[in-house]
Amino acid sequence: MAVTEEAVLAALKRVEDPELHRDVISLGMIKDVKVSAGTVSLTLVLTTPACPVRQKFESDVRTAVAAIPGVTGVNLATTAQVRSVRSFDQQSIPGIRNVIAIASGKGGVGKTTVSVNLAVALAKDGAKVGLMDADIYGPNVPLMMGLGSLPPMRDQRIVPAENFGVKVMSMGFLVKPAEAVIWRGPMLHGAINKFLKEVEWGDLDYLLCDLPPGTGDVQLSLCQVISMSGALIVTTPQDVALLDVRKSISMFEKVKVPILGVVENMSSFICPHCSKSTDIFSKGGGARAAEELKIPFLGEVPLVPEVREGSDSGHPITLTHPDSPAAKAFVEIARKLAGQVSILAAQEQEHLKSAWKV
Ligand SMILES: Nc1ncnc2c1ncn2[C@@H]1O[C@H](COP(=O)(O)OP(=O)(O)OP(=O)(O)O)[C@@H](O)[C@H]1O
Ligand SMILES: [Mg+2]
């Protein structure tokens, strides 16, 4: 029996995206179906190159096609096309599909460390990534990304610095740290606006935005200047963390920025001498907060000296020790984050469709 394209599409109609819970055909994820004798060639277009369920997805598609009577071979290619959560937002910047805020209720919990490692992990998976340091008062991103200065301007526009496949912009490139402290709100907004609109970001799937610590006016208006796809909250595990997470969330609710998830940083301390694990800051606060507040918990990063050393030396652990538990945690969290963005983008699309029908 000759295999037809219709038979392939019908079989794939039964394959669901495990996260979006819809079939791959109606999600537009299958392209270039060709049948030649018994061999079926097709392309699976994921919603992110950092897909957390990529292997399962590929094997589900392969199995469904291979099960069609008459199929003797399956040539599956996989690509990705990241969708924007805010495709119709007037404030969105052409070419930048998703801006993600990395925030915390209080300082020093590891926002910048998390931002840098997630950016690097997403880029390693093949995503087009930018990292914007919105912490005007303590711009640490250049140091942690091993960058010192910006390249020359091109056509009167700022060209971001680049390392490890990530484009970076930071106030740290423009002012000395001591000068930054005199900056006030309105100047800050001007600077952030410039960072977004006058920087040659090019084509980006994700622009991670490392926010300053806290939940004050500055953070609030930053979220209004930038059309955010969502926010990731970083916390440490103590019980008091719950209070801070709640504060962060209510700030984002005010400006209608959805929460993509919570990350617990500085979870267990793993002793470099005896490998024993100690919960210095307690454990599980992030997961508890996420459960109570009904937001996704994306994972925990252990407290290990290599993370700090990587940050200080500008060589993120995700690249230097990819097999370490911390690096694996960052990669997993980055993929879950990308997955959450895909879910929101799909929901937004559904929402728009139903709005137009009315
Ligand atoms: N998992 C970790 N293990 C070890 N050290 C860590 C870890 N996470 C962060 N650090 C270290 O803790 C310090 C604070 O981290 P970081 O600067 O990323 O926090 P932050 O939340 O951005 O701070 P701020 O609120 O000042 O912007 C840094 O020295 C960093 O290297
Ligand atoms: Mg910081």
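The values are calculated or read from the model by the stated rules, or taken from the named source; none is laboratory data. Predicted model only: the values in this text are computed from it and were never measured. Neighbour counts run over all protein chains shown; Cβ positions are idealised from the backbone, glycine included.
Spot the failing condition for Met144; the list is (1) out of contact with any Phe, Trp or Tyr (no Cβ under 6 Å at 6 or more places or on another chain); (2) surrounded by 16 or more Cβ atoms within 10 Å (Cβ to Cβ); (3) over 28 Å from Ala241 (Cα atoms), and only one is missed.
(3)
For region 123-158, which residues satisfy the criterion of being of a type in the set (Val, Ile, Thr), away from ligand 2 (no atom under 15 Å from the Cβ) and at pLDDT below 95?
Ile158
With the structure loaded, tell me whether Ser92 is closer than 13 Å to Ser311 by Cα and either within 9 Å of ligand 1 (Cβ to nearest atom) or not assigned by TED's automatic domain parsing to the domain that holds Ile192 (or both) or whether it fails that test.
Here the answer is no, as Ser92 does not meet what is asked.
Quick test of your reading of the structure: Ser104 fulfils all but one of (1) touching a strand residue (DSSP E or B) at 6+ places or on another chain (Cβ under 7 Å); (2) within 15 Å of ligand 1 (Cβ to nearest atom); (3) closer than 30 Å to Thr78 by Cα. Name the failing condition by number.
Failed condition: (3).
Looking only at region 197-213, count how many residues are within 16 Å of ligand 1 (Cβ to nearest atom) and part of a strand (DSSP E or B).
Residues in region 197-213 being within 16 Å of ligand 1 (Cβ to nearest atom) and part of a strand (DSSP E or B): 3 in total.
Give region 152-161 a look and list any residue that's surrounded by 16 or more Cβ atoms within 10 Å (Cβ to Cβ) and either within 20 Å of His315 (Cβ to Cβ) or among the charged types (D, E, K, R) (or both), or say none.
Listed by number, the residues that qualify are Pro160, Ala161.
Give the residues of region 91-130 that are in a strand (DSSP E or B) and within 15 Å of Ala338 (Cα to Cα), sorted by residue number.
Listed by number, the residues that qualify are Ile96, Val99, Ile100, Ala101, Ile102, Val129, Gly130.
Specify which of the listed residues (Arg62, Arg86) is closer than 30 Å to Lys256 by Cβ, surrounded by 15 or more Cβ atoms within 10 Å (Cβ to Cβ) and of a type in the set (Lys, Arg).
Exactly one of Arg62, Arg86 is closer than 30 Å to Lys256 by Cβ, surrounded by 15 or more Cβ atoms within 10 Å (Cβ to Cβ) and of a type in the set (Lys, Arg), namely Arg86.
Which one is farthest from Gly126 (Cα to Cα) among residues in region 36-45 that are modelled with pLDDT of 95 or more and surrounded by fewer than 21 Cβ atoms within 10 Å (Cβ to Cβ)?
The residue in question is Thr39.
Residue-by-condition table, conditions (1) acidic (Asp, Glu); (2) within 16 Å of ligand 2 (Cβ to nearest atom); (3) more than 28 Å from Val168 (Cα to Cα):
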site	(1), (2), (3)
Lys56	no, no, yes
Val61	no, no, yes
Ala64	no, no, yes
Ile68	no, no, yes
Val74	no, no, yes
Arg83	no, no, no
Ile100	no, yes, no
Lys106	no, yes, no
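Here are the criteria: (1) touching a helix residue (DSSP H, G or I) at 6+ places or on another chain (Cβ under 9 Å); (2) exposed (fewer than 13 other Cβ atoms within 10 Å of the Cβ); (3) not hydroxyl-bearing (Ser, Thr, Tyr). Tell me which single one Ala2 does not satisfy.
It fails just one condition, (1).
Looking only at region 127-156, which residues are without any contact (Cβ under 8 Å) to a residue 24 or more places away in the chain and within 16 Å of ligand 1 (Cβ to nearest atom)?
Once the filter is applied, which keeps residues that are without any contact (Cβ under 8 Å) to a residue 24 or more places away in the chain and within 16 Å of ligand 1 (Cβ to nearest atom), region 127-156 yields nothing.
If a residue must be assigned to a loop (DSSP other than H, G, I, E, B) and either touching a residue at least 24 places away in the same chain (Cβ under 8 Å) or within 20 Å of Ser324 (Cβ to Cβ) (or both), how many such residues does region 245-296 contain?
Residues that pass the stated criteria total 17.
Taking Asp203, is it touching a helix residue (DSSP H, G or I) at 6+ places or on another chain (Cβ under 9 Å), under 28 Å from Ile259 (Cβ atoms), acidic (Asp, Glu) and surrounded by fewer than 21 Cβ atoms within 10 Å (Cβ to Cβ)?
It is false that Asp203 is touching a helix residue (DSSP H, G or I) at 6+ places or on another chain (Cβ under 9 Å), under 28 Å from Ile259 (Cβ atoms), acidic (Asp, Glu) and surrounded by fewer than 21 Cβ atoms within 10 Å (Cβ to Cβ).
Go over the candidates Pro69, Pro94, Pro52 one by one and state the one that is of a type outside the set (Lys, Arg), within 26 Å of Ala346 (Cα to Cα) and loosely packed, with under 14 Cβ neighbours inside 10 Å.
The match here is Pro94.
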